[in-house]
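My structure is below; once you've seen it, I'll send some questions.
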Amino acid sequence: MIKPMKLPDRVAALRMDVLRLIKFSIVGVIGAGINTGFLWVLTDVAGLFYLFSAVVAIEIAILMQFLMNDRWTFKETKTQHIGQFIRRIFKSNVWRSGGLAVNVGVLYLLTEYMGVYYLLSNIVGIICAFLLNYILESRLTWGIK
C-alpha cells in the first residue's frame, strides 16, 4: 500500500519539480540554439533539404540536452554507469521522438502551407514539443514521480 505524502513533503516535492522544470527550460533554450544553429548550417551552408536538416539538428540537440539534463537538471538521479547511460539515452531518444515528430510536423505545416520562414517555423515547433518532452523525460527517463 502506498503511504500518502504529508503536506510538507508535497510542498517540497512540488518545489523540486518547479526547480527541475526551470532547469529543463534553460537546457531547452540551449538545445533550441543548438538545433537552430545546426538547422541553418545544414540547410543554408551545406545545401541540404530543410526537413532532413531538421531531423539531424534535432537529434544533435537531443544528445546534447540529454547530457546537460543528466548532469544538472536531474543530478539527484544522474547516470552512474555505462549500462545505465545506454538505457537512458535510448529511452530519451524514444520519448523525444514524439517531440521530434511534433517539431518537424509544425515546421513542415508552417513552412509549406503558411509560408513562414523555416527557422521561425522551427522555433514554434520546438515550443510545441517542449512540454511533451519534459513530461516524458522527467517521468520515464529519470523516473521522477
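Once label points are set 7 Å from the Cα along Cα→Cβ at both Tyr113 and Ile144, what is their separation, rounded to one decimal in nm?
My value for the distance between the label points is 3.3 nm.
Suppose a student asked you for the relative contact order of the chain, using Cα pairs under 8 Å spaced at least 6 residues apart; what percent would you report?
23 percent.
Taking the structure as given and computing mean projected area of the Cα convex hull in nm², which label from (i) 9.1; (ii) 10.2; (iii) 11.9 fits?
(ii)
Please list, in order along the stretch 40-54, the HN-Hα scalar couplings obtained from phi with the Karplus expression 6.51 cos²θ - 1.76 cosθ + 1.60 (θ = phi - 60°), rounded to whole Hz, x for Gly and Pro.
5, 4, 5, 7, 7, 8, 7, x, 7, 4, 4, 6, 5, 4, 4
If you plug each phi of the stretch 115-132 into the Karplus form 6.51 cos²θ - 1.76 cosθ + 1.60 with θ = phi - 60°, what whole-Hz ³J(HN,Hα) values come out, in order, with x for Gly and Pro?
Values per residue, Gly and Pro as x: x, 6, 4, 4, 5, 5, 4, 4, 4, 4, x, 4, 4, 5, 7, 4, 5, 4 Hz.
Length gain on complete extension for the stretch Ile127 to Ser97, per 0.36 nm per residue less the alpha carbon to alpha carbon distance?
Using 0.36 nm per residue and subtracting the Cα-Cα distance, I get 9.3 nm.
Further, regarding this structure: When the label point is put 7 Å from the Cα of Val45 along its Cα-to-beta-carbon vector, which residues of the stretch 113-145 have a backbone N closer than 17 Å?
Within reach of a label on Val45, which here means backbone N under 17 Å from a point 7 Å along Cα→Cβ, the stretch 113-145 contributes 119.
By counting other Cβ atoms within 10 Å of each Cβ, how are Phe66, Phe85, Phe130 ranked from fewest to most?
Least to most surrounded, the residues fall as Phe85, Phe130, Phe66.
Rounded to the nearest 500, what is the chain's calculated 222 nm mean residue ellipticity when only DSSP H runs of at least 4 contribute -39500 (n - 2.57) each, over all residues?
Only helices count here, giving -24000 deg cm²/dmol.
Computed from the coordinates by the stated procedures, all read-outs in this text should not be read as laboratory data. A quick note: this is a predicted structure, and the numbers were derived from the prediction, not measured. Cβ sites come from the backbone with ideal geometry, for glycine too, and all protein chains shown count toward neighbours.
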